[in-house]
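S.K.: Handing you this structure, nothing more for now.
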Amino acid sequence: MNFQCAVLRGTLAWAALATVAMSLMLPRVAAAETLTADTGINWDLSALQVTADCKRELDRARAGIRTIGMRDVSVPFGEGLGAIEETLSVLQDTLSAQVFLSQAAVSKEVRDASAQCNDDVSAFSVEVSADPAVFALAQAAVKIAVTPEEQQLSKIYVENGRRAAAGLDAAPRAKVQKLLNQINTLQIKFGRVLAEDKSEIRLSPAELGSLPASLDGALKKDARGARLPVNESTFSQFLSNEASGAARLRYEVAYGRRGGLKNVQLLRQAVALRKQVATDLGFPSWAAYQLDTKMAKTPETAENLVLEVDRALRGKARQEIAVLSELKRASGDKSPFVRSDYLYFENQLLKSRYAVDDEIVRPYFPVDKTLPAMLTVYAKLLGVRFEPLEPAMAWAPGVTEFAIYDGVSGAPIGWFFFDLYPREGKYNHFAAFQLRPGRALANGEYRKPVAAIVGNWPAPEPGKPTLLSHDDLVTVFHEFGHIMHETLSLTRFGSLFGPNTRSDFPEAPSQMLENWMWRPEILKRISSHTGSGEPLPDDLIAKMIALKHVDDGVAWCRQALYAEFDLQLHGKQVPADMTRLWFALAPKLTPFHEVPGTYPEAGFIHVMSGLDAGYYGYLWSRVFAQDMFSAFAHEGLDNPAVGQRYRSEILVPGGAAEPEVLLRRFLGREVSFEPFYEDLGISRH
Ligand SMILES: [Zn+2]
């Protein structure tokens, strides 16, 4: 299950920038045009250049906004809010590399300079949102906006202004901004404490016996056994394989204490300040403030969904645990089943009952065969064509680049990059990044979008392609769904392009596409054994698919716990003791008590990194994902008609209309929760 893909445009500073426009026509495309590897973005920058460019362009944009802000609010749209949006879009275009390189540059100096640029752009975007002159132009624009896209843009700018206190008098505005800055500082500190956490556990020689070779690189062996770092990268491999219950418990305790009491304190301070901001802006809670501009709209709506899903799945979760408890007893261990036992006995169950071995599956998915085959699935589905561009013009050796063309007209659409293997200092998860949104330019041309997948598959050895697990397939197919959202959109304003929409929606398209990786006909098409070239055999496919729902109960109840904790933490009443809140919710919403001696909120980065009062979004968007998928399931996964409709009704408009409106157009009816519950095999009645 892919829960960890945050909406990654949020990791770049542009998230807070509302995008812009002038009175433009939609693109005139020359069908014969061929794209070269030159996207117009210069990736080859020194740290000094990054810093100098960043300062120069921010100064220029700041001066531009100041000049436009002095105009009378009665100016036409293009000279008021349109000009603001244009200024911010130019800034974003000019600093694409300077902001992104923090995630992927080869040089540490460049990454550091880029991280600073990212921070500076973030601060500037907050400054613009809070600017009363910009807010006044946005309010005026609401009244004179002519096209639906102008109306949507104006609405978004007004919302951003209101949320940044632009509508308050000088003194209360300054107070709110000071609080927001303080919150930002606390968030950065929290992330740093977690990133620098050096928690580890000691393992005896006997406890090392059951661990897989893939953990060898992480283990620091010595005469007494080994020490193992406790973090995300060792979590599931260790807990799935460690045969000693005592060692698993030591790991789980250390994991639940990461971030330490220092982070408990930082989170407590942030929650209190957030409540203060919400109150000053007239909201009953931080959750109400955050959800005001999301699809869910109110904390009650989000909470109802979270609790309903939990209620519906708790019985299944208990059954899953009963099966695993039986396995534990059968292993001779009569102690009660606890959370630190879960991954180990689940793994035992998969091996014994389902007999699916990752190592048998992987040779069917060599990256050099499977990735192109996946692209073919996407191309056919969405009516596009991908063309590799060699040599790539990118930020590091080994990065590959592709051009996208419309499959029918041949018109060029944009570019994407794959940066799939680890490098020192590189972003260490798997994610899609929007490098440059598309937008209409004043000269009538269209600025073509650029996006990238940054991942960390094991690097291929010479002559041997990387072999992918089924999890890897689901992840990359999901991330490529983001790439399509980030390139096939076609809006006049960059601020409304693709995933730049209500922030609890952009996971839905990618979550929908994960379904393809659970369909026999698609798995057959993208598999090709490294030795024989044979597709994945039917019996293996059947076994893999049987696993789809094997852990739904426990997994979703755990998600519900995270989401509910996040919503209550940011509710009307700030909890006096956050750890106590977590420990009270865990046995109510999941089949486990929390692990004694831990304070899990200290390591819960999502509540401090932009998903505060937003964790429910993973669950929320899954509802829409499954509803959209029901159209494909009904009309055919390969049916270009429904693929085209998805492209034109969901991807093309991006944030130019509300997600509910797009969904209604695509589905031809109101949204239904039923496909979501059906997929999980549960009835609400
Ligand atoms: Zn995602």
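S.K.: Residue by residue, what Karplus-based ³J(HN,Hα) values in Hz, rounded to whole numbers, does segment 98-115 have, using 6.51, -1.76 and 1.60 with θ = phi - 60° and x for Gly and Pro?
M.R.: 4, 8, 6, 4, 4, 8, 8, 5, 6, 8, 4, 4, 5, 4, 5, 4, 5, 4
S.K.: While we're here: If you stretched the chain out fully between Asp222 and Asp471, how much longer would it get, using 0.36 nm times the residue separation minus the C-alpha to C-alpha distance?
M.R.: Full-extension gain reported as 86.3 nm.
S.K.: Round to the nearest 10 and give me the degree value, 0 to 90, for the angle of helix 132-144's Cα axis relative to the longest principal axis of the chain.
M.R.: 80
S.K.: Further, regarding this structure: With N denoting the number of residues in the chain, provide Rg(C-alpha) divided by 2.2 N^0.38 Å, to two decimal places.
M.R.: 0.96
S.K.: Follow-up. Given Pro172, Ser46, Val134, which one lies farthest toward the positive end of the charge dipole of segment 18-195, if we put +1 on the Cβ of every Lys and Arg and -1 on the Cβ of every Asp and Glu?
M.R.: Of the listed residues, the answer is Pro172.
S.K.: Output ³J(HN,Hα) for segment 254-262: one whole-Hz value per residue in order, computed from phi by the Karplus curve 6.51 cos²θ - 1.76 cosθ + 1.60 with θ = phi - 60°, and x for Gly and Pro.
M.R.: 4, 5, x, 10, 4, x, x, 5, 4
S.K.: Just order 520-528, 283-291 by mean Cβ neighbour count inside 10 Å, highest at the front, would you?
M.R.: Ranking the peptides 520-528, 283-291 by packing returns 283-291, 520-528.
S.K.: Would you please state which residues of segment 258-295 a label at Glu232 would reach in this model, taking the label point 7 Å out along Cα→Cβ and a backbone N cut-off of under 17 Å?
M.R.: Label zone hits: 258-260.
S.K.: Rounded to the nearest 0.05, what FRET efficiency do Ala213 and Ala63 give with R0 = 41 Å and r taken as the Cβ-Cβ distance? Could you check?
M.R.: 0.10
S.K.: Scan around Leu95 for amide H atoms under 5 Å from its own, H built in the peptide plane at 1.01 Å from N, and keep only partners 5 or more places away or cross-chain.
M.R.: none
S.K.: May I pose another question? Whole-Hz Karplus ³J(HN,Hα) for segment 650-664, in order, using 6.51 cos²θ - 1.76 cosθ + 1.60 and θ = phi - 60°, x for Gly and Pro?
M.R.: Once θ is set to phi - 60°, the couplings for segment 650-664 become 10, 6, 4, x, x, x, 6, 9, 5, x, 4, 5, 4, 4, 4 Hz.
S.K.: Could you tell me which of rounded, prolate or oblate describes segment 475-632, using a ≥ b ≥ c as the square roots of the eigenvalues of the alpha-carbon gyration tensor, with rounded for a/c under 1.5 and, failing that, prolate when a/b is larger than b/c and oblate otherwise?
M.R.: Details: a/c = 2.73, a/b = 1.41, b/c = 1.94.
Note, shape of segment 475-632 comes out oblate.
S.K.: Ok, one more. Using only Cα atoms, find the angle between the long axis of helix 148-163 and the longest principal axis of the chain, and express it within 0 to 90 degrees, rounded to the nearest 10.
M.R.: Between the helix axis and the principal axis of the chain, the angle is about 70 degrees.
S.K.: I'd like to compare 614-620, 581-587, 226-232: which one has the highest average count of other Cβ atoms within 10 Å, and what's the full order after that?
M.R.: Values: 614-620: 25.4, 581-587: 17.4, 226-232: 19.0.
Listed from highest to lowest mean packing, they are 614-620, 226-232, 581-587.
S.K.: In nm, to one decimal, how far is the modelled label at Thr298 from the one at Thr376, with both set 7 Å along Cα→Cβ?
M.R.: 5.2
S.K.: Right, next: For a 28 Å ceiling on Cα separation, which of these pairs sit above it: Lys198/Lys294; Lys220/Lys334; Lys294/Lys548; Lys178/Lys262?
M.R.: Distance filter (> 28 Å) returns Lys198/Lys294; Lys220/Lys334; Lys294/Lys548.
S.K.: Rounding to the nearest 20 debye, state how big the charge dipole of segment 142-248 is about its Cα centre with +1 on each Lys and Arg Cβ and -1 on each Asp and Glu Cβ.
M.R.: Charge dipole of segment 142-248: 500 debye, to the nearest 20.
S.K.: With a 10 Å radius around each residue's Cβ, average the other Cβ atoms per peptide and rank 114-122, 491-499, highest first.
M.R.: Numbers: 114-122: 20.3, 491-499: 28.3.
With the highest mean Cβ count within 10 Å placed first, the list reads 491-499, 114-122.
S.K.: Extending each Cα 7 Å along its Cβ direction at Ala115 and Arg311, get the distance between those two points in nm, one decimal.
M.R.: Result for the modelled spin labels: 4.5 nm.
S.K.: Sticking with this structure for a sec: For the pair Asp638 and Ala355, what calculated FRET efficiency results from E = 1/(1 + (r/R0)^6), where r is the Cβ-Cβ distance and R0 = 41 Å, to the nearest 0.05?
M.R.: Working: r = 30 Å, r/R0 = 0.74.
That gives a FRET efficiency of 0.85.
S.K.: Just from its helices, what would the mean residue ellipticity at 222 nm be for the chain, if runs of 4 or more DSSP H residues each count -39500 (n - 2.57) and the sum is divided by every residue, rounded to the nearest 500 deg cm²/dmol?
M.R.: -16000 deg cm²/dmol
S.K.: Now for a separate question. Which residues' amide hydrogens lie under 5 Å from the amide hydrogen of Asp504, considering only partners 5 or more residues apart or on another chain, with H built in the peptide plane?
M.R.: Met295
S.K.: Return the long-range amide H neighbours of Ile201 (sequence gap of 5 or more, or a different chain), with a cut-off of under 5 Å between placed amide H atoms.
M.R.: Leu228, Val230
S.K.: So if I place +1 on the C-beta of Lys and Arg and -1 on the C-beta of Asp and Glu, and nothing else carries charge, what would the dipole magnitude of the chain be about its Cα centre? I want it in debye, nearest 20.
M.R.: 1440
S.K.: Let me ask you something else. Would you please state the base-10 log of I(q)/I(0) at q = 0.10, 0.19 1/Å for segment 18-195, with intensities from the Debye formula using one equal scatterer on every alpha carbon?
M.R.: The Debye formula, applied to the Cα set alone, gives -0.48, -1.24.
S.K.: Report relative contact order for the chain in percent, whole number only (criteria: Cα-Cα under 8 Å, sequence separation at least 6).
M.R.: On the way: 1174 pairs, mean separation 123.9, N = 685.
The normalised contact order for the chain reaches 18 percent.
S.K.: What nm value, rounded to one decimal, do you get for the distance between Ser74 and Glu159 when each label is placed 7 Å out toward the C-beta?
M.R.: Between Ser74 and Glu159, the simple spin-label model gives 3.1 nm.
S.K.: Going by alpha carbons, how many degrees (0 to 90, nearest 10) lie between the helix axis of 617-635 and the longest principal axis of the chain?
M.R.: That helix lies at roughly 90 degrees to the long axis.
Every number in this text was worked out from the coordinates using simple rules, so none of it is lab data. The shown structure was predicted, so the numbers you read here are calculated from the model rather than taken from an experiment. Quick reminder, even Gly has a Cβ in these numbers, built from the backbone with ideal geometry, and neighbours come from all protein chains shown.
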